[in-house]
Amino acid sequence: MSAAEPPNGPVGPTPGARSRRFPWVLVALVPLAFLAVFFVYPVGSIMGRGLWSHGRLSLGAIGDVVDDSGLRRVAWFTVWQAAASTLLTVAIGLPGACLFARYDFRGARFLHAAIIVPFVLPTVVVGSAFLALLGPGGPLGFLGVENTVWAILLAHVFFNYAVVVRTVGGLWSHLDPRREEAARMLGASRARVFVHVTLPALRPAIAASAAIVFLFTFTSFGVILVLGGPHFATLETEIYRQTALLLDLRTAAALSIVQLVAVVVLLGIGGLARGRHTVSLGLRPATDTAQRPHGPRAWAFVAGNLAVIAGLLGLPLAVLVERSFATPAGPSFGFYRALGDVGTGSTFLVAPAEAIRNSLTYAVAATAIALLIGGIAAVVIVDRERRGGHFARALDGLLALPLGVSAVTVGFGFLIALDSRPLDLRTSWWLVPIAHTLVATPFVIRTMTPVMRSIDPRLREAAAVLGARPQRVWREVDLRIGARAVAVAAGFAFAISLGEFGATAFIVRPERPTLPVVIYRLLSRPGATSFGAAMAASVILMVLTATAVLVIERFHVPGTGER
Amino acid sequence: MTIGATSAHGSSGLRALDLAAHYGHVTALDGIDLNVPRGEVVSVLGPSGSGKSTLLRVVAGLEPTAAGSIFWDNDDLTSVPPHLRRFGLMFQDHALFPHRDVLDNVGFGLRMQRRPRAEIDSRARRALARVGLDGYESRRVHELSGGEQQRVALARAIAPEPRLLMLDEPLGSLDRELRDRLMIELRTLFVDVGLTALFVTHDHDEAFAVADRVLIMHRGRVEQDGPPDEVWENPATEFAARFLGFLNTVTLGGRRVLTRSEGMHIAANGPISGTVVGRTFRRDHFLLTVAGTDGARYEVAVIGPGVPEPGDGLRLAVDPDSCVEFPEL
């Protein structure tokens, strides 16, 4: 084919395939405005409060932080434990992604939904579960990793396994296996096929999920607090200590800035690594690419992955469940009954049914806002990418920023900044879903963009030639094919909202707590009954999340060929 | 189903004047003039990269024109977006909607026209029946074979009754037997329906079998435009001639001329001597590749019995009637 033949898809703007007059810039302003009002402004306020002394800006605090060798050690530990956690999660998650993308076996669908449960469990609960698992007398106590960094890394893999499996697997399941077969026929070994054919195609999804895992582990809070003990501290726990315990806003603000700068730099590097162009991969329906495993090799692969899932994800959850039933008088529903009792006569605790209702309504609202904001952003990003330029990447990066900023800072910022007209939202019910939206939106974007990018541009052209107006083309092609991605994104958003704790703890109205807040309140009360009730509440949250994700993902457009 | 009015034959339809298009710095179309009168079927023939697919995309409105204009009858469509042109385009790889079943794919254009549901249903079914796929309505697109997908794409393109149907390598990816059969069916369909059609191919058989007129394209320009038999017998340019199989350059009466493999034969007293270096069986003849003692290579069609083997020496003669001559040779 000579250079004069049209390249695979339009290189420039295609008149008609998308109207030139459509005000995309205005649409892009919606997510930007949301970010400005609910993230930049509150976080900026709290940082300003720390750095603004005697009517002028003083950057001495940052200097003090950088000079402090103890804080330097904290910063270094934060970076390397996040990098190690990310590498480990990707290494363990890639085979899992392959498992769900390529193999169809009994229970695969349920398992695919179930692996998201760890991701949304409140961090404090996971910390306790890992303590029980790895501590003396625990099932894995013999490993002797209790007070080491391995406990933290394992807990991080436990949390983020689903991010890699679902993000990478979502793309993998649509890759045409014939490309791999072609490479095999050309003499490439399985390993070389993976390195030269599969891996390059998966690169955008791997980079996207690795960036998310890195951000999460970089700002990890509950896990470090519980498992790190006195030995390990990250910037996030340090910010919490300075803000909530030492009331040193100046140092906390400086640390927040250091954290933010680090996140921006690292996200930038990640963005470069992801590469500029995503080619159309000629994706195929997932049902086409998955097959029943046959041959000992395939079954060994499936079994190996199932063992990892059972050991890494199942065991801590099992310990959690076991503890929720392990009343002093033997296995019973005692803690669950106790959970019902704590609602009465206490201003702190509400009946579990009410906490569940609170959590669910917040989650519905947060999912709706996140889909709106993230959906708009994803459309704009993919559209701008097609035309080239840096706007798309900038928008993507900006909206990922809240993941890199301490939830403590965001929550505190809400209280400080959103307290005067016209933004007096301190007592507003909307504050909680809005905070959850900040965290969920990057996930929505990252789930939707890879699928939307890979839609064959000729499908849009075919629709246009058949008489579909530009908006109709979008609805008929992009939205229909992206429907599955929207469902997955919705599941993510819902689950994130159900499990969010850091910011919620600061801003939730005391009489309307969410389930994680109730669990935390129970954990901070002395007594075996409170602890058992916390475990019981955690199990309820776990079941709730898994059910919600399963139900949401069942909504799929008929005929999309998805499972 | 009537598309266009055959009574208006020749006086109306598609007219493109001096079309130009660029991809970056590459000129894909360079001053194309094109007429497709109502009811006529025009094929555009050319090698890969000659700009023929671009021509369809420009006429469809999917690519911007750098210069020139496009008319239907007397309406200037140059800046009309694709969805308002009422043209149909059948894509090379079909571009079927993977998320819809066969009937939904075929009915898509009618849905865009906001036809009543019953009408969409019956017309889509009729289009499916026309391409021989009745009973496939609720099949999934990815379950279909290449030939079936191709038929669905055709049904989808004709169902809304476009005033101009364009086809980009419609039979490109099919096996020969299927192609031969569909070629005849396409021709029948075009004639039955009175379609105005413009289609692009790199395959001679396809272009000459289906079209009322053939256009040869090369490097974004039209090399020749005429009825199939005329173009086949009398290529207007050297490029057209070589592209249409005039592969042998021979000297005849002191002049350099081009001839096809059928234009040469074995003759004991022929003027050209050489050795057979290749022999392939072509259904109704053998094709010999002969290395001439003059240094040239010749392709000669030979009918048995007694076809020479590789290594045999022979002498060749040329049929003067089958030669074409160009000044620059």
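Those helices (runs of 4 or more DSSP H) of the stretch A:388-467 in which 2 or more residues are within 14 Å of chain B (Cβ to nearest Cβ) and modelled with pLDDT under 85 occupy A:431-453. Of all the listed residues (A:202, A:215, A:186), the sole one being without any contact (Cβ under 8 Å) to a residue 12 or more places away in the chain and either surrounded by 13 or more Cβ atoms within 10 Å (Cβ to Cβ) or more than 22 Å from residue A:489 (Cα to Cα) (or both) is A:186. Could you tell me whether any residue of the stretch B:225-233 is within 16 Å of the chain's Cα centre (by Cα) and crowded, with 21+ Cβ neighbours inside 10 Å? Checked against the condition, which is being within 16 Å of the chain's Cα centre (by Cα) and crowded, with 21+ Cβ neighbours inside 10 Å, the stretch B:225-233 yields at least one hit. Residues satisfying the criterion are present in the stretch A:490-498 (criterion: more than 14 Å from chain B (Cβ to nearest Cβ) and either on the phi > 0 side of the Ramachandran plot or in contact with a Pro (Cβ under 9 Å, 6 or more places away or on another chain) (or both)). The set of residues from the stretch B:76-124 being farther than 27 Å from residue B:12 by Cα and hydroxyl-bearing (Ser, Thr, Tyr) comprises just one member, B:122. Take the conditions out of contact with any Leu (no Cβ under 7 Å at 6 or more places or on another chain) and surrounded by fewer than 20 Cβ atoms within 10 Å (Cβ to Cβ) and apply them to residue A:438. Does it pass? Judged against the criteria, residue A:438 is not a match.
If the condition is being assigned to a helix (DSSP H, G or I) and either modelled with pLDDT under 85 or more than 9 Å from chain A (Cβ to nearest Cβ) (or both), then the stretch B:92-104 contributes B:102, B:103.
Here is a yes/no grid of residues against (1) buried (at least 20 other Cβ atoms within 10 Å of the Cβ); (2) out of contact with any Asp or Glu (no Cβ under 7 Å at 6 or more places or on another chain):
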site: A:412; (1), (2): yes, yes
site: A:427; (1), (2): no, yes
site: A:433; (1), (2): yes, yes
site: A:444; (1), (2): yes, yes
site: A:448; (1), (2): yes, yes
site: A:484; (1), (2): yes, no
site: A:493; (1), (2): yes, yes
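Would you point out which residue out of B:121, B:192, B:180 is under 22 Å from residue A:465 (Cβ atoms) and part of a helix (DSSP H, G or I)? Answer to the check: B:121.
To keep it simple, each residue is scored yes or no on (1) surrounded by fewer than 17 Cβ atoms within 10 Å (Cβ to Cβ); (2) not hydrophobic (A, V, I, L, M, F, W, C).
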| residue | (1), (2) |
| --- | --- |
| A:290 | no, no |
| A:298 | yes, no |
| A:303 | yes, no |
| A:309 | no, no |
| A:313 | no, no |
| A:316 | no, yes |
| A:319 | no, no |
| A:323 | no, yes |
| A:329 | yes, no |
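Out of the residues in the stretch A:171-212 that are farther than 18 Å from residue A:90 by Cα and outside any helix (DSSP H, G or I), state the one that is nearest to the chain's Cα centre (by Cα). That would be A:174. Please verify whether residue A:199 is at pLDDT 85 or above and farther than 30 Å from residue A:290 by Cβ, treating the condition exactly as stated. The answer is no for residue A:199. Beta carbons closer than 7 Å, at least 6 apart along the sequence or on distinct chains, pair a first residue in the stretch A:363-387 that is touching a residue at least 24 places away in the same chain (Cβ under 8 Å) and more than 14 Å from residue A:455 (Cα to Cα) with a second that is part of a helix (DSSP H, G or I) and among the aromatic types (Phe, Trp, Tyr) for A:363/A:494; A:367/A:494; A:373/A:34; A:380/A:24; A:384/A:391. Residue check: residue B:87 meets all listed conditions (1) farther than 27 Å from residue B:192 by Cβ; (2) facing chain A (nearest Cβ under 7 Å); (3) not acidic (Asp, Glu) but one, namely (1). Considering each residue of the stretch B:105-141, count those that are more than 14 Å from every other protein chain (Cβ to nearest Cβ) and hydrophobic (A, V, I, L, M, F, W, C), and give that number. Selection size over the stretch B:105-141: 5. If you take the residues of the stretch A:214-246 that are among the charged types (D, E, K, R) and over 21 Å from the mean Cα position of the chain (by Cα), which of them is farthest from residue A:77 (Cα to Cα)? Step by step, filter the stretch A:214-246, then rank; the result is A:241.
The values are calculated or read from the model by the stated rules, or taken from the named source; none is laboratory data. These numbers come from a predicted model, not from an experiment. Cβ sites come from the backbone with ideal geometry, for glycine too, and all protein chains shown count toward neighbours.
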